[in-house]
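Below: one structure, written as structure tokens.
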Amino acid sequence: MNKTSQSVPASAPEENISIIHTRLHGIDLLFNSRLNKGTAFTEQERDTFGLHGLLPPHIGTLEDQRQRRKRVLDSRDTAFGKYSNMRDLQDNDETLFYSLIEHYTEELLPIVYTPAVGEGCQRFSEIWRRPRGLFISYPNRHRIDQILADRRYDDVRCIVVSDGERILGLGDQGAGGMGIPIGKMALYTALGGIPPEHCLPILLDAGTDNEKLLHDPIYIGWQSHRVRGQEYDEFVEAFVTAVQKRWPSVLLQWEDFAGTNAARLLERYRDRLCTFNDDIQGTAAVTTATLLAAVNATGIPLSEQTIVMYGAGSAGIGIIDLLIAAMKEQGLSEEQARGRIYAFNRYGLLVEGARGIKESQRPLLRARAEIAGWKLTGAEDVSLLDVVRNAKVTVLAGVSAQPGAFSEEIVREMARHTERPIIFPLSNPTSQAEATPADLLRWTDARALVGTGSPFPPVEINGKPMRISQVNNSFVFPGLALGILVSRSRRVTDGMIMAAAKALAGLSPSRTDKSAPLLPPIAESRKVTLVVSEAVARQALAEGVAAMNDPASLPDRIRAYMWNPVYVPYERVEHGGRATDLV
């Protein structure tokens, strides 16, 4: 990896950007994705670094390159084709890669991350060409210290790690799950301004139980069934111990671990190092933020809403926990807040005697006596329609990965008793969404307040296009990470997650226009990051978990740390001289 001697403030004029000093020369420089400028190397740099002949004679600019690459992207007729092309670009020229995202954020975010990343993970073995991040496999568990020791990782400050077992709504993708850490880290930089050399994606390859992958001759992962139980826990422990030893102050984000592991690993390590789980806490923050914006639009406070959480895995439980905290801030007791939330598993309402109840779901169980007077459609399980009809639900949120779960009958029943139904089909990718925005608005005569986990096109209402708010974790985790790094926080607290949610809710366009979308456009993600990061950092300071102690300087520190994708001048360092890169 590489570093410059001074990070450049976001508002700095180009002439003040620092110079990179490097020992790399010729083909080695061109093969370094962090330093490669392609045709944008100047005539003098081509002389200095021996690039004549290796590059075509045309000398271009970053803008020229963006236009050329955009033309290529536009020629690809599938999302996967565009995803693959962008992955190749990232491995060839990171500055151009991030410059493209910066200029075409709304168009390219669904390509470099969800939903296109889903197919990218499924077909990862087909498109893997060059190393990016680290694969730490169970057979190499005794080599973890050695793998992490490479000096190119000296500048790492944040890690996204997955074991590939629960990729979006697609299940076990094994080593192909590496597409998720790579994509998340790309958004750390594209939306959070965190320098690429500070980011390290990691895949813990504990095997796979995906039979197709186990018998696929081109699969790049460890072709063995997953290790579980004590062996798995010891593998994760060895990884965390090695990470702490290598980078004592690192931020570690857990991503797309199966529900059986996600919550317990977070609980085990959250007080041992600076860590969070985006599927649990990031999803909770962005959902809570969107719901706070929605209830503001309805004029009915959160404490008076009746909420269904359709899906009570780790993500659903995380959302419920943060919503309960928000309700308690509005004056409800814990018991009163829980009483306003109806949680579901795959069989139906979580109620005493229901099927398939997990230990983690027991705090969500309702007493059988609470529904004794209800009219039910079945003899055993209590259905979503039963709850909507009998409890007069006002908020319906889905993290079930069950497409079509929010049916026309259910939604129309909900709309009968609430003026502005709040409906969030949050499952990813698009194919797993519980309903489409167009259907939800049609079934409610355009009265519903809709937020989706995946991107959907605008829906025409009364001849005008209505933008659909994307309840995307990318509104939260880049700012959360940026605030943590700038404040040098030692832990990620529940208060910091709530601060991120409130900061995002405060940016809702619906605060000034109740008919406006609930969240800002994805194109404004970098502006959102600035607000969220400052709120998170201030909360870290208030709770005493931050190493910095100058809150007045926070805005300037945040802007100064953020990296921008622009080419800077290079100078050659001869052997024995001091370079500002580590390659």
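Flag not set for Pro565, criterion: within 29 Å of Phe424 (Cβ to Cβ) and either under 21 Å from the mean Cα position of the chain (by Cα) or not in a helix (DSSP H, G or I) (or both).
Taking the criterion of being assigned to a loop (DSSP other than H, G, I, E, B) and touching a residue at least 12 places away in the same chain (Cβ under 8 Å), the residues of segment 463-497 that qualify are Arg467, Ile468, Val471, Asn472, Val476, Arg488, Arg490, Arg491, Val492, Thr493. For segment 430-440, the tally of residues that are at pLDDT 95 or above, buried (at least 21 other Cβ atoms within 10 Å of the Cβ) and in a helix (DSSP H, G or I) stands at 2.
Only helices (runs of 4 or more DSSP H) whose full extent lies in segment 49-115 are considered here, and the ones with at least 2 residues that are among the aliphatic types (A, V, I, L, M) and within 17 Å of Glu524 (Cα to Cα) are 94-103, 105-112.
For segment 155-169, a residue qualifies if it is under 16 Å from the mean Cα position of the chain (by Cα) and more than 23 Å from Glu197 (Cα to Cα), and the qualifying residues are Gly164, Arg166, Ile167, Leu168, Gly169. Among the conditions (1) surrounded by fewer than 18 Cβ atoms within 10 Å (Cβ to Cβ); (2) of a type in the set (Gly, Ala, Ser); (3) modelled with pLDDT of 95 or more, Gly378 misses just one, which is (3). Output the residue which, of all residues in segment 515-533 that are of a type in the set (Ser, Thr, Tyr) and either in contact with a Gly (Cβ under 7 Å, 6 or more places away or on another chain) or buried (at least 17 other Cβ atoms within 10 Å of the Cβ) (or both), is modelled with the lowest pLDDT. It comes out as Ser525. In segment 332-344, of all residues being in contact with a Lys or Arg (Cβ under 8 Å, 6 or more places away or on another chain) and farther than 17 Å from Val395 by Cα, the one that is surrounded by the most Cβ atoms within 10 Å (Cβ to Cβ) corresponds to Leu332. Check whether at least one residue in segment 48-60 is surrounded by fewer than 19 Cβ atoms within 10 Å (Cβ to Cβ) and within 26 Å of Met562 (Cα to Cα), and report yes or no. Taking every residue of segment 48-60 in turn, at least one turns out to be surrounded by fewer than 19 Cβ atoms within 10 Å (Cβ to Cβ) and within 26 Å of Met562 (Cα to Cα). Does Ala258 satisfy the condition of being open to solvent by less than 10 Å² (accessible area, probe 1.4 Å) and either within 19 Å of Gly313 (Cα to Cα) or under 15 Å from the mean Cα position of the chain (by Cα) (or both)? No: the conditions fail for Ala258. Taken as a whole, the condition of being among the charged types (D, E, K, R), modelled with pLDDT of 95 or more and part of a helix (DSSP H, G or I) applies to Glu413. In segment 441-462, of all residues being open to solvent by 10 Å² or more (accessible area, probe 1.4 Å) and either polar (S, T, N, Q) or in a loop (DSSP other than H, G, I, E, B) (or both), the one that is farthest from Leu396 (Cα to Cα) corresponds to Asn462. The residue pairs whose first member lies in segment 116-130 and is closer than 20 Å to Asp209 by Cα, whose second member is open to solvent by 80 Å² or more (accessible area, probe 1.4 Å), and whose beta carbons are closer than 6 Å, counting only pairs six or more residues apart or on different chains, are Ser125/Ile218.
The values are calculated or read from the model by the stated rules, or taken from the named source; none is laboratory data. Worth saying up front: this structure is predicted, and the values here are computed from it rather than measured. Cβ sites come from the backbone with ideal geometry, for glycine too, and all protein chains shown count toward neighbours. Surface accessibility is based on the protein's heavy atoms, side chains included, excluding ligands, DNA and RNA. Shrake-Rupley method; radii C 1.70, N 1.55, O 1.52, S 1.80 Å.
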